[in-house]
Each structure stands twice: as C-alpha cells, then as structure tokens.
Amino acid sequence: MSGSLAFGTKGIDVAIAETPAGQRAMSALQPGTAPSTAVMHQSFTGALLRTVGGKLTEAPISPFDILKTPFDGTDCTAWLTTLLSRGGDIWLPDGDYLIASAGPDSGGVNVVLTKSTRIRCGSGARFFTNAPGLDNDMIRFTVPPNGAGLPAKGIDFSWTGGVFDQAQQKGSTSMPFMAEFPSPNPGASSTCDGLSIRGDFKDLNGATWAGIRRCIVKDVVFDAGAHWQSAGGDGGLFIGGVRKARVEGNTFKGCRDVGFYASASDDGVVGGNYVVRNNDFLHCFHGAAMKRGVLGFNISDNYGEGCVRMVTIDYIVASAYGGSVRNNTGKKCHVLARVDQGRNITVQDNLSIEAGAFLADGATPVAVMSPYIVVLQGAQDCIVVHNNSTGIHPTVAANYPTSGYAYAVSNAQDDATIKSQNNRLINNRATGWRGLGVDQGINTTMVDNELIGGTVPQFLLGGSGQYEVRVNQATRRRDYSHGINLADGSPTNVALGRRGNDNHGIYWGTNLIGFAIAGTAQFIVDNRGVRLPGIATYPDDAAAQAGGLVPGNLYKTGDGTLHVVG
C-alpha cells in the first residue's frame, strides 16, 4: 500500500511493501532543499511498523519522527541542528552524518535546550567531518545563558550509541604539550570536542545555576585516530556545569587532549556528582579528567592502554574534591592517576600493568614527564591505598635511570609554593620499579607500602612532618623508621601494657616516664631524677622477706635508706 501524509505545510510520501521475509519496508522522502533529496530505507518488523503507524495519527508530528534517517554524503549540520533542537525522544539510525567544515573557529551543530532530551543512535550512526576539518565542537548542547524557558527543576539529557569520527577534525588551541607535539591539523578554536554538553547558566543577579540536573552518555565510540600524537580534534566528550552525570560503557580512541573531560561551570561554582565507569581509554593523552572544582566524582572500573595519564585531577579555577579513583586498570600508561591540588580524594585498588607510554612510532618512550603509578601534586587530605603494579616497561625504565619511583608526593604542578599536605599512603605495592616513592609533602603518613625488587625500598623523604612505617624487603616485616607516639596514660590506665590489665605497664607525663603495677606507680624517671613512690618500708631483710620480698628487691628503712634484700 502507499499514501501521502500531511504535516503542517509539508508532506511526506510513504510507501510500504511486503518483503519475502514477512517484514515491511518503509521508505520516506522529504521534499524540499538539497539535504532532502535523498531517499533512505528502514526495515521494520510488523510490531515496530504498528508503533510507527500509531505515531502517524498524532498531531503535530515533525517529518523527522518518520524519516529518522540521515542524508548520507550531504552536509547534515542544519538538519541535525533543527532535529536536536526539538528535544524530547529522538532516534538517529545507522548512517553517515556529515558535519561539514565551516572555516576558522566556526561551524558544528549547536543546540540550545529548554526541555529534557533523550537521543538514541544506531551502532552504525557515524558523525564525521570532511577536509579541511571542522574547527569547532562537532555537536554542542547548551542551555539559555540566562536560563530562560528552563523548568525550575532543570532538565534531563541523555545520549546513547553512535560513533564520533574525529579523524579530520581540527586540533584546538588549548591542548597539552603543543610545542613538543603539535597538532597535525591545527585550528583556531579553543575547543574541538566530539560531543560537548554545557549545563550551567547565570540568573539576572549573576548567580550560577545548573540547568541540566541529570546527564547520561553511554555506549558511544569517540574515535580520533590510532594514537593521540596523530589524532584529530581535541577531546572526545566534555560535560560541564551539570548537577549529576554518568558516563558509562564508552570507548575513547586516540584523543589528543582527553577522552572524557568533566568540569564544573567556568567559575567553578556548580557541577559534580560525576560517575565515570566501565569505559575504555585507548592511546589517549589523558583518559579521564576532572577540572574546575568538580564536587564529588567516582572514576571506577575503567580500562586504559597507552595513555600518558590515564586519570588526571587538575586544578583550573578551583580544586576538585570529594572524589574517588577506584578499580581502574592501566596498561602501558605513563601515569595511572595524578591528583593536582585535589582535596579529600581517594585513589584505591588500581592496577598499573607494564607502566610507560610510547609515541606513535611504538618505540620511543614519552619524555615530557616521569612515569608513576600515583602522583599527588599540591594535594591535601587524600588517601592512596591498595594500589599495585606489575612493573615498568624496560625501555621506559632505561629512559629514566635516575627516577622510576612508583609513588610521589610533591608540590603543585604550576606553583611550587603549594605543598601536598596531610596525605596518607597505605598498603600500596610496586613490582620492578627503581624505587618505592618520593615524598616532598607536609605531614605525609606512609604505612606498609612495599617494593618488590628494585633498589630503593622506601620513600625518599624531602618534606617535613612525615611518618613512615616501612616493609623490610628481606623479612617482609615492618621497619619503623620513626618513633611510635602514644598518649600519656596514667598509673591506673597505662599507655603501654598487658592486654586486659589496664593498670599494669608504662605511662608518660610531662618530662616523666612511669611504671605502674596494679594502678600504683612503682618507678618514675623525670627531669629531676628517679623516684620509687611505691617502695615498701621494713626495718631489716628478715622483715622484708616476711613481707614477701625476695633477694634482689629494694626496700627502705625508717630513715629512708635504700636496701637490697640479700
């Protein structure tokens, strides 16, 4: 059967035919300008056709609800902008969506959202650009700059599936180590991401708010190339200024700056509760990054390979704080996790395999920074616990003959006056590294960290106020490199004693060390000498022995003279 349906002032010709397999095929043609001259086909089962057919009776319906197809080979920038700006529930099927280059620092799909939007893509939906390369973000979502039209509770946004092919996208002006590694296709824009979602706005009083309350991006492939050194674009995915976000099940390939870049608002006021899990970061310069004061994040169960830094927490405008980096695995990554001026961050149960990243030739080690498992730079109140490493790549180790320390606590990257403070490194291990670690922080606590192999089995201490309990390489037991400080206690509640007998043992006071038995001070050494406050008085040895003393015990006579029982 066939027919024509009208939508407002436009019409769509729809043809439906039975196929030998019992399915029905629908082809839809939208009349109009150049992008609408292609005819696309989409197969539907009978059930799906009935669903679509049911939608045909609703009004008003956009032609995009029926077409749901790209115009392969033709610039889709305007078409996608119109479609995605509608918001709501949008399906983008398999096909090649060209987002054409448009000159320096311009172009791309730019959408301003005012209602919740869910976008789902076929696994073969590919968004790409052509030569000389798009010099901007491919697809960027924002909210009105003053929040006009947004519901008071904010909106939800999700994107599922599809491929962002960034191979021919321009490189931005704000990528790391540009002098050492210039972009093969440099541009003029400050950002050239694949997908960018910016959720913050300012009200009339200048206060910053999050217009997007929940954001989800999952099952997307961001493909910038085989290796970050020869990649197109800047980052794969950017999310900033949203109240809560989840980034899950995505693959980031060869991103020049960072695979996933999370941020609070530009002023560092709103944005956080970001969950980044079960993603793959392959040969990206940075895998995942948190910047501009992100409050609350969880980066867990991700896999990275060939990244210079797999996870980086950076200081830009404000410190990120209240987050965790857990259960991630990095293979041939130069640095597994780095925290620069972060606060209250836990780095736990991560594994570094054959540490050390290489340039695109696969043979030359990265030489712009030393390799580490975890490095804290100007960080405060962070915990690094239960991390492990199978070793450092021998070629990389040979390239760093005087470094090669697994863990490091140092100053902030861009300001040496900002010291790492009050951090704890507990029960971490490293196999085959030159040394266990370096500490230049203030009040760092290092307990039961262990080096297997290597030559420097302890932290090199260069800061102040450190406390370290080392593990002896030979005995696998603790070596106490600093004293053990205990509370003072008292004769009835000693500081060091026999379990179950709190009034038997050693206690301390100001300029005083005391020994107590049954809650009574027996022997005291203070800054004035020795005292025996619990010594008994007897007239002679016979009386002392009758009182229970044995040869060798001390007693005093009535005149205060000390005697030893004979």
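The values are calculated or read from the model by the stated rules, or taken from the named source; none is laboratory data. Quick caveat: nothing in here was measured; it's all calculated off a predicted structure. Glycine gets a Cβ as well: all are built from the backbone with ideal geometry, and neighbour counts include every protein chain shown. Accessible surface areas use protein heavy atoms only, side chains included; no ligands, DNA or RNA. Shrake-Rupley method; radii C 1.70, N 1.55, O 1.52, S 1.80 Å.
Could you work out how much longer the chain between Val317 and Asn278 gets when fully extended? Use 0.36 nm per residue separation minus the Cα distance between them, nm to one decimal.
11.2 nm
Show me, for the stretch 433-449, the HN-Hα J-couplings you get by feeding each phi into the Karplus relation (A = 6.51, B = -1.76, C = 1.60, θ = phi - 60°), rounded to Hz, glycine and proline as x.
Here the 3J(HN,Hα) series is 7, 5, x, 5, x, 10, 10, 10, x, 10, 6, 8, 9, 10, 10, 6, 8 Hz.
Short version: what are the Cα gyration tensor semi-axes of the stretch 137-272, square root of 5 times each eigenvalue, largest first, in whole Å? Write down the numbers at each step before the final one.
Numbers: eigenvalues 157, 56, 24 Å².
Three semi-axes, in Å: 28, 17, 11.
Bin all alpha-carbon pair distances of the stretch 521-565 at 5 Å intervals from 0 and give each bin's fraction as a whole percent.
Percent of pairs per bin, in order: 6, 23, 29, 23, 12, 6, 2.
Over the Cα atoms of the stretch 366-418, compute the convex hull volume and normalise it per residue, giving Å³.
It is 81 Å³ per residue.
Could you run the Debye sum over the Cα atoms of the stretch 230-284, one equal point scatterer each and no solvent, and tell me log10 of I(q)/I(0) at q = 0.20, 0.25 Å⁻¹, two decimals?
-0.72, -0.95
Quick check: convex hull of the Cα atoms in the stretch 71-172, volume per residue, rounded to a whole Å³?
Numbers: hull volume 10.3 nm³, N = 102.
In the stretch 71-172, the Cα convex hull volume per residue is 101 Å³.
Show Val311, Val550 ordered by accessible area, largest first, where the area counts protein heavy atoms only and the probe is 1.4 Å.
Ranked list, largest accessible area first: Val550, Val311.
Which aspartates and glutamates, on any chain, are close to Lys253 with Cα under 18 Å apart, when same-chain ones fewer than 8 places away are left out?
Partners found: Asp137, Asp165, Asp193, Asp219, Asp223, Asp234, Asp280, Asp301, Glu305, Asp361.
Can you list the HN-Hα couplings for the stretch 403-414, worked out from phi with the Karplus curve (6.51, -1.76, 1.60; θ = phi - 60°), rounded to whole Hz and with x for Gly and Pro?
My calculation for the stretch 403-414 gives 10, x, 9, 5, 10, 9, 10, 9, 7, 4, 4, 9 Hz in order.
Provide, for q = 0.06 Å⁻¹, the log10 of I(q)/I(0) from a solvent-free Debye sum over equal Cα point scatterers in the chain.
-0.45
In Å, what is the Rg of the alpha-carbon atoms in the stretch 351-491, and how long is Dmax?
16.2, 71
Once both labels are modelled 7 Å past Cα along the beta-carbon direction, what's the Val368-Asn344 spacing in nm?
Once both label points are built, they end up 3.3 nm from each other.
What FRET efficiency would be calculated for the residue pair Met178, Glu354, taking the C-beta separation as r and a Förster radius of 30 Å, to the nearest 0.05?
After rounding to 0.05, the efficiency reads 0.60.
Projected area of the stretch 388-462, taken from the Cα convex hull and averaged over every viewing direction, in nm²?
On the way: hull surface 20.7 nm².
With every direction weighted equally, the projected area is 5.2 nm².
Hey, what's the per residue convex hull volume over the C-alpha atoms of the stretch 252-397, in cubic angstrom?
Working: hull volume 13.0 nm³, N = 146.
Dividing the Cα hull volume of the stretch 252-397 by its residue count gives 89 Å³.
Quickly work out the Val530-to-Arg478 label distance, labels modelled 7 Å from Cα along the C-beta direction, and quote it in nm with one decimal.
Inter-label distance under the simple model: 3.1 nm.
For the stretch 461-555, with only Lys/Arg (+1) and Asp/Glu (-1) charged at the beta-carbon, what is the dipole magnitude about the Cα centre, in debye rounded to 20? All intermediate terms of the calculation are to be shown ahead of the outcome.
Values: 8 positive and 7 negative charges, 95 e Å.
Charge dipole of the stretch 461-555: 460 debye, to the nearest 20.
How big is the equivalent ellipsoid of the stretch 62-295 along its three axes, where each semi-axis is √(5λ) from the Cα gyration tensor, reported in whole Å from largest to smallest?
25, 22, 16
Quick one: what are the phi-derived ³J(HN,Hα) couplings along the stretch 552-566, Karplus 6.51/-1.76/1.60 with θ = phi - 60°, whole Hz, x for glycine and proline?
With the stated coefficients, the stretch 552-566 comes to x, 6, 9, 8, 10, 8, x, 8, x, 6, 7, 9, 10, 4, x Hz.
Based on the Cβ-Cβ distance from Thr455 to Asp488, what FRET efficiency comes out when R0 is 35 Å, to the nearest 0.05? Could you put the intermediate results ahead of the total?
Details: r = 41 Å, r/R0 = 1.17.
Given R0 = 35 Å and the Cβ-Cβ separation, E is 0.30.
In nm, give the distance between the simple-model label positions of Ala416 and Thr82, each being 7 Å from the Cα along the Cα-to-Cβ direction.
Calculated label separation equals 6.0 nm.
Taking the alpha-carbon centroid of each part, what is the distance from the stretch 260-294 to the stretch 451-467 in angstrom?
With the stretch 260-294 and the stretch 451-467 each reduced to a Cα centre, they are spaced 31 Å.
How far is the Cα center of the stretch 361-422 from the Cα center of the stretch 543-566, in Å?
65
Over the alpha-carbon set of the stretch 430-526, divide Rg by the Kirkwood Rh and report the Rg/Rh ratio to two decimals.
Rounded to two decimals, Rg/Rh equals 1.17.
Stretched out fully, how many nm does the piece from Asn427 to Ala148 gain, at 0.36 nm a residue minus the Cα gap?
Computed gain between Asn427 and Ala148 is 95.3 nm.
With 26 Å as the limit, write out which pairs from Lys331/Lys419; Lys202/Lys291; Lys332/Lys419; Lys153/Lys218; Lys218/Lys419; Lys218/Lys244 have Cα-Cα distances beyond it, or answer none.
Lys331/Lys419; Lys332/Lys419; Lys218/Lys419
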